[in-house]
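The values are calculated or read from the model by the stated rules, or taken from the named source; none is laboratory data. None of the values given here were measured: they were computed from a predicted structure. So basically every Cβ, Gly included, is an ideal-geometry build from the backbone, and we count neighbours across all protein chains shown. What goes into the accessible areas is simple: the full protein's heavy atoms, side chains included, and nothing from ligands, DNA or RNA. Shrake-Rupley method; radii C 1.70, N 1.55, O 1.52, S 1.80 Å.
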Amino acid sequence: MTDFNGNLDNAATDEMIEQRLAVGLRNLWWPICPSSFVGERAISLRRLGYRMVLWRRRDGTVRILEDLCPHRGAPLSRGIVMDDRIACGYHGVQVDENGVAVSVPGSPGCKLEGSRCVRVFPAIERNDTIFAYVSDDQEQNTDPAPFTMPEQLESDNYSAFLCYAEWNGDYRFVYDNVMDPMHGTFLHKQSHSMSFGDTTAKFRIRDTDHGFVFEKEGQRNVNFDWTEWGETGIHWLRLEIPYPKTGGPGGNFHIVGMYTPIGPNKAAIFHWRVRDVQGWQRDTWRFLYKNRLEERHWHVLEQDRGLLEDLDEGANANEFLYQHDMGLVRLRRRLRNLATEQLEAEAARRMGRQSAA
Ligand code: FES
Ligand SMILES: [Fe+2]
């Protein structure tokens, strides 16, 4: 079917694509917050265009629902957690972990009772982090396939620290920043491990099974020399920074990053800092990290935050990109394509339903 301009009417417009990317892609797992945020009392977090309520059941597992009572919209997070359900603090409607209003004390037997009326975000906890699956608006997937993490967060050979922060900026500025290894040589010039390397390096893109690597030609293990983009049911970036001997055992330092939109100009920043260390070396590195390295790493990250938070909204509207920006161009295009695909699939489903009705 076409509209009067001859466009396919399930074609995604630039505006729709931008809106989708601004809140984050759907049908995907996303990190929501560090594990330590969630206890037996409900908390409310804004993420990915939703307000979410999170709590722990008595068995320790985490549940996430939309933080919106089906009766008159009060935040469920103000209510009382009752293990597998939460009772709204306004008029006592009880919503269970499947999003079903199981009890309506003010009007027993009314239509609301027994209806599945609250959005559920399937949750997984691992690597010190709570992850949620966000379905598209039309069809809620309550049993999505789990995601896999990069090897550094899957294998027992590695030891990781989660570093969490919230920055005032679009999460896509952070993607751009990490997809741009060259900024290490300039922005982090003073840093202990990034002051070496060619400032005019040539880059290339290499495809992988799950995404691609953006890397300096002919330079490895000198500086921040490559970044990898991966899609494994969740989106991640990975990089490696060589470490001097004073950095302790474990060779290169790995960083896995994920960035989740909180709101239009705010992002949740997840970095797992990882080393390939076992046995006593692991203890040494964990001790060294806590006592010496962590502070230095935060200092480097502050340089990124300072710059990114100072970018005005739309500052990238008139960029003049050059060879070093090839990686972020590729990533932006990939995200646009993913947004387009999912918007058009949703539109096609909607039209299918309309014509079936
Ligand atoms: S608004 Fe929640 S029970 Fe009325
Ligand atoms: Fe940086």
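Near the amide H of L68, within less than 5 Å, lie the amide hydrogens of L76, all on another chain or at least 5 residues away, with H placed in the peptide plane. Measuring r between the beta carbons of H91 and A315 and using R0 = 30 Å, the FRET efficiency lands at 0.05. All other residues whose Cβ lies under 14 angstrom from that of L112 are scored, Lys and Arg at +1 and Asp and Glu at -1, for a net of +1. Around F161, under 9 Å between beta carbons, what's the net of Lys plus Arg minus Asp minus Glu among the other residues? For residues surrounding F161, the net value is +1.
No disulfide-compatible partner, judged by a Cβ distance under 4.7 Å, exists for the following cysteines of the chain: C33, C110, C117, C163.
Multiplying the sequence separation of T284 and Q323 by 0.36 nm and subtracting their Cα-Cα distance, what value in nm do you get?
Using 0.36 nm per residue and subtracting the Cα-Cα distance, I get 10.0 nm.
Here the Karplus curve 6.51 cos²θ - 1.76 cosθ + 1.60, taken at θ = phi - 60°, turns the phi angles of the range 52-68 into couplings of 10, 10, 10, 8, 9, 6, 4, 7, x, 6, 9, 10, 9, 10, 5, 8, 8 Hz, with x standing for Gly and Pro.
Lysine pair count for the range 151-335 (Cα-Cα distance under 24 Å; residues 8 or more apart in sequence or on different chains): 7. Placing a label point 7 Å from the Cα of R353 along the Cα-to-Cβ line, the residues of the range 14-43 whose backbone N sits under 19 Å from it are 20, 26-28. Here the Karplus curve 6.51 cos²θ - 1.76 cosθ + 1.60, taken at θ = phi - 60°, turns the phi angles of the range 293-306 into couplings of 6, 4, 4, 5, 5, 4, 4, 5, 5, 5, 5, 5, 4, x Hz, with x standing for Gly and Pro.
Here R78 and E125 are evaluated by their C-beta separation; at R0 = 25 Å the FRET efficiency comes out at 0.60.
The H on the amide N of H210, modeled in the peptide plane, is under 5 Å from the matching H of no residue at least 5 residues off or on a different chain.
Surface calculation, 1.4 Å probe, protein heavy atoms: F287 sits at approximately 140 Å² accessible.
Net charge in the neighbourhood of G251 (other residues with Cβ under 10 Å of its Cβ; Lys, Arg +1, Asp, Glu -1) is -1. The phi-based Karplus calculation (6.51 cos²θ - 1.76 cosθ + 1.60; θ = phi - 60°) puts the 3J(HN,Hα) values of the range 104-119 at 10, x, x, 8, x, x, 6, 4, 4, 5, x, 8, 8, 10, 10, 5 Hz, whole numbers, x for Gly and Pro. Taking 7 Å steps out from each Cα toward its Cβ at F186 and S155 produces label points 3.5 nm apart. Overall, the anisotropy analysis places the chain in the oblate class: the square-rooted eigenvalues a ≥ b ≥ c of its C-alpha gyration tensor yield a/c not less than 1.5, with a/b not exceeding b/c. In this structure, the amide hydrogen of V93, modeled 1.01 Å from its nitrogen in the peptide plane, lies closer than 5 angstrom to those of C88, counting only residues at least 5 positions away or on a different chain.
Set the Förster radius R0 to 22 Å, insert the Cβ-Cβ distance between M16 and R333 as r into 1/(1 + (r/R0)^6), and round the FRET efficiency to 0.05. Walk me through the numbers on the way to the answer.
Details: r = 17 Å, r/R0 = 0.76.
Working from the Cβ atoms, E equals 0.85.
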